[in-house]
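For reference, the structure is listed below as structure tokens.
The values are calculated or read from the model by the stated rules, or taken from the named source; none is laboratory data. The model shown is predicted, which means the values in this text are computed figures rather than measured ones. For neighbour counting, all protein chains shown are included, and Cβ atoms are generated from backbone atoms with ideal geometry for every residue, glycine included. Accessible surface is based on the protein model in full, side chains and every heavy atom, while ligands, DNA and RNA are left aside. Shrake-Rupley method; radii C 1.70, N 1.55, O 1.52, S 1.80 Å.
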Amino acid sequence: MTAPAALRAGSVRIAVWSFSWLAYAEYVLGAWDEAAAHAERGVSLLDESGREGLRPRAHYAAALVPAGRGEWATAEKHLRGGAARTGDYELMVVASALARAEVAAARGEQE
């Protein structure tokens, strides 16, 4: 990999991570429109870049607002997109599980 390509990949990784955490913070603070926009931007960057390591984290952030609003189809889409897979890192598995728990809690279910 060339240096510019490596730099770009690193920048995208940091951007996806940052958008995900920003969306989470905005969600917790009640700024749901901003949270949804930032989470979707993170997922878009993720999709463009193929950075697999942040897939569950980005989709976790993106599932929060739709779940809170009762937009179950969108929340489920993000659960599927962020589902843990065999061989994923532990933090990926945790992010996937947290997303499932948040959606279940929004539905009033116990998982």
Candidate set from the range 8-43 (those that are in contact (Cβ under 8 Å) with a residue 24 or more places away in the chain and of a type in the set (Val, Ile, Thr)); member that is farthest from GLY70 (Cα to Cα) = VAL12
Pick from the range 44-57 the residues that are under 21 Å from GLU90 (Cβ atoms) and in a helix (DSSP H, G or I): which of them is most open to solvent (accessible area, probe 1.4 Å)?
-> GLU52
Matching option when the condition is within 11 Å of VAL16 (Cβ to Cβ) and at pLDDT 95 or above, among ALA58, ALA63, ALA75 | ALA58
Which one of these is open to solvent by 50 Å² or more (accessible area, probe 1.4 Å), part of a helix (DSSP H, G or I), at pLDDT below 95 and not hydroxyl-bearing (Ser, Thr, Tyr): ARG100, ARG85, ARG41?
-> ARG41
Select from the range 42-73 the residues that are of a type in the set (Lys, Arg) and over 10 Å from the mean Cα position of the chain (by Cα) and write down the one among them that is nearest to ALA83 (Cα to Cα).
-> ARG51
With respect to ALA15, is the statement that it is small (Gly, Ala, Ser), part of a helix (DSSP H, G or I) and touching a Lys or Arg at 6+ places or on another chain (Cβ under 7 Å) true?
-> no
Residues being among the aliphatic types (A, V, I, L, M) and either more than 18 Å from ALA75 (Cβ to Cβ) or touching a strand residue (DSSP E or B) at 6+ places or on another chain (Cβ under 8 Å) (or both) - total across the range 85-111 = 4
The condition from (1) touching a residue at least 40 places away in the same chain (Cβ under 8 Å); (2) surrounded by 14 or more Cβ atoms within 10 Å (Cβ to Cβ); (3) basic (Lys, Arg) that LYS77 misses is numbered (1)
Exactly one of THR86, THR74 is of a type outside the set (D, E, K, R) and over 21 Å from ASP33 (Cβ atoms), and that residue is THR86
Within the range 26-35, is even one residue of a type in the set (Ser, Thr, Tyr), part of a helix (DSSP H, G or I), under 17 Å from GLY82 (Cβ atoms) and at pLDDT below 95?
-> no
